[in-house]
Amino acid sequence: MDEAVEEEASRADEPVGLGVGYLRRLLGYANKVYALGAVLARVRDGRQRPQIPMATVVRAVFACGLFRVRSFNALEPQLGEPQLLAALGLPSAPARRRVCSVDTLARALRRADPASVHAMLAALIERAERNKVFREGWIGALRYIALDGWEPIASRRRHCPQCLEREVQDGKQRVTEYYHRYVVALLLGPHEELVLGFEPIRNAWARRQAGERQVDGDEGEQTAAIRLLRWLRATYGRWLEVIVVDSLYPNGPFLTVLAELGFAGVIVAKKESDEPLRDALAIWGDRPGQVVIDSDARERLELWDCPDCQTLTTYAGPIRVVRGVVDSLARPAPRRQWCLLVVGKLTHRLSARQILRVGRARWHLENTGFNQWTQHWRFEHVFTTDGHAIAAIFALFFLAFNLLQLFVYRQLKGYGRLRGTDPTRTISRVVDLLWAELHRLTAPVVWDSS
């Protein structure tokens, strides 16, 4: 264990007088190691002379995400419970009264400064990076970021000016469906996988509000992804290295942005008629690939590698093409194929087998992220009908998700091993224990760790 990790663990294990169990340890860890109170305090309030401080608002919504409360209506009665208020570091409310209403939470989040909301999420990642959590990287000692589009919210009744719209068939009639869609960046790894940031896909109205002059409709996913990439580089600096994306992105403009920002890239390619995949397939022809047996995964891999294709006219640089065919040795299953485009000098050290592993790891964003967030974290619920407030709620929920990832894999290492390899099930069990232990708090949490 390195010195930074030892220091982190020793600081988190100091007695803080909050009760017993995982909830005490989590709150102590979050406040002592990551200064959670200071992180949440980054959210700036746009209200004039508010009666309820923004600190109270963000802590309450953070708790809603941490305990996976299904809605604001379900949270409202808890806002008068002394145990929850103690966990939030708030004084107890008078008898039969709540510290605030959920309508106040929604109104305050609508007025919160959007840039400060994203800065709050980034502050936790920056502290983790300074603590050398990501020092060793992953495959080939590199740090990988998966980007993909995600649609958590859709409704045929409730909507806001920032909603995207589409026509869908409902029985015999066409109806309008309103939805929000985002591009999300997830740091990939063998254990903790954290949300680095997210960016909304803007409709025409939101584009005009953002200052665009020539607007001819809603923007696409790639436009939002490029905006997110620029934000990631400006916010986190150079320690983020390789971007992993799906088959929407193998085109010259996107690869050019990666090169401009200093990112390497691993991009899924599916259209065999498009360059440079077409050129690589012609070079390989019917020749067999290199066969590798992965005894741990019980798979047979057949690999092809074309290191220097330059047939994509819209991109000024070499593109490596890797093809992998996977057969399961454990059970009868159809063979699966991946074709991947690879750019950037950082990836030169990676073997074709490592490239295939990176490309397949993109699914962590679907499994660790999207599926878990909609099934267990209530992201699909419409907590409020305002685009800015929805983004603030998501940022606070992502903050809770990241803290739980860090807590489980860096403080409860044995717990994760004992509960099996399914991270979703492990973290769900931890959340159950946190909720059960809430009533054991013996004193309010001190959120100001300065």
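The values are calculated or read from the model by the stated rules, or taken from the named source; none is laboratory data. Because the structure is a prediction, the values reported are computed rather than measured. As a convention, Cβ positions derive from the backbone with ideal geometry for all residues, glycine included, and neighbour counts pool all protein chains shown. When the accessible area is computed, the model is the full protein with side chains, heavy atoms only, and any ligands, DNA or RNA have been set aside. Shrake-Rupley method; radii C 1.70, N 1.55, O 1.52, S 1.80 Å.
Overview of values
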quantity	calculated
Whichever residue in region 300-315 is open to solvent by less than 20 Å² (accessible area, probe 1.4 Å) and at pLDDT 95 or above and, among such residues, is farthest from PRO334 (Cα to Cα)	CYS306
Test result for LEU121, in contact (Cβ under 8 Å) with a residue 12 or more places away in the chain and under 22 Å from TRP435 (Cβ atoms)	no
Options ARG378, ARG349; residue that is touching a Cys at 6+ places or on another chain (Cβ under 9 Å) and open to solvent by 50 Å² or more (accessible area, probe 1.4 Å)	ARG378
Matching helices (runs of 4 or more DSSP H) fully within region 1-73 where at least 1 residues are buried (at least 18 other Cβ atoms within 10 Å of the Cβ) and at pLDDT below 90	3-12, 21-34
Pair list, Cβ under 8 Å, 6 or more apart: region 372-395 residue of a type in the set (Lys, Arg), other residue surrounded by fewer than 22 Cβ atoms within 10 Å (Cβ to Cβ)	ARG378/ARG68; ARG378/VAL69; ARG378/ARG70; ARG378/SER71
Any hit, region 108-118, residues being among the polar types (S, T, N, Q) and open to solvent by less than 10 Å² (accessible area, probe 1.4 Å)	yes
Enumerated strands (runs of 3 or more DSSP E) restricted to region 289-369, each holding at least 3 residues that are under 31 Å from the mean Cα position of the chain (by Cα) and either free of Cβ contacts under 8 Å to residues at least 24 places away in the same chain or under 17 Å from ASP274 (Cα atoms) (or both)	319-328, 336-343
Qualifying residue in region 356-367 (condition: of a type in the set (Val, Ile, Thr), open to solvent by 60 Å² or more (accessible area, probe 1.4 Å) and either farther than 18 Å from LEU258 by Cα or in contact with a Phe, Trp or Tyr (Cβ under 8 Å, 6 or more places away or on another chain) (or both))	no
Residue list for region 275-299, filter: of a type outside the set (Asp, Glu), out of contact with any strand residue (DSSP E or B) (no Cβ under 7 Å at 6 or more places or on another chain) and surrounded by 13 or more Cβ atoms within 10 Å (Cβ to Cβ)	ARG278, LEU281, ALA297
Any hit, region 60-69, residues being in contact (Cβ under 8 Å) with a residue 60 or more places away in the chain and more than 27 Å from VAL408 (Cβ to Cβ)	no
Hits in region 232-269 (condition: hydrophobic (A, V, I, L, M, F, W, C), open to solvent by 20 Å² or more (accessible area, probe 1.4 Å) and in contact with an Asp or Glu (Cβ under 7 Å, 6 or more places away or on another chain))	TRP239, LEU248
Only listed residue being closer than 30 Å to LEU188 by Cα, modelled with pLDDT under 95 and open to solvent by 10 Å² or more (accessible area, probe 1.4 Å), chosen from ARG98, ARG156, ARG135, ARG143	ARG135
Filter result for TRP338 (at pLDDT 95 or above, buried (at least 16 other Cβ atoms within 10 Å of the Cβ) and of a type in the set (Phe, Trp, Tyr))	yes
Hits in region 381-404 (condition: among the β-branched types (Val, Ile, Thr), out of contact with any helix residue (DSSP H, G or I) (no Cβ under 8 Å at 6 or more places or on another chain) and either open to solvent by less than 10 Å² (accessible area, probe 1.4 Å) or under 18 Å from VAL43 (Cα atoms) (or both))	ILE390
Wholly enclosed strands (runs of 3 or more DSSP E) of region 164-207 bearing at least 2 residues under 29 Å from ILE145 (Cα atoms), open to solvent by 30 Å² or more (accessible area, probe 1.4 Å) and at pLDDT 95 or above	173-188
Verdict on GLY324 being open to solvent by less than 20 Å² (accessible area, probe 1.4 Å) and either under 24 Å from LEU188 (Cβ atoms) or hydrophobic (A, V, I, L, M, F, W, C) (or both)	yes
In region 250-269, residue nearest to the chain's Cα centre (by Cα) [restricted to those that are assigned to a helix (DSSP H, G or I) and in contact (Cβ under 8 Å) with a residue 60 or more places away in the chain]	LEU258
Checking GLU272 against (1) in contact with a helix residue (DSSP H, G or I) (Cβ under 9 Å, 6 or more places away or on another chain); (2) more than 29 Å from GLU165 (Cα to Cα); (3) open to solvent by 40 Å² or more (accessible area, probe 1.4 Å); (4) assigned to a helix (DSSP H, G or I), the condition it does not meet	(4)
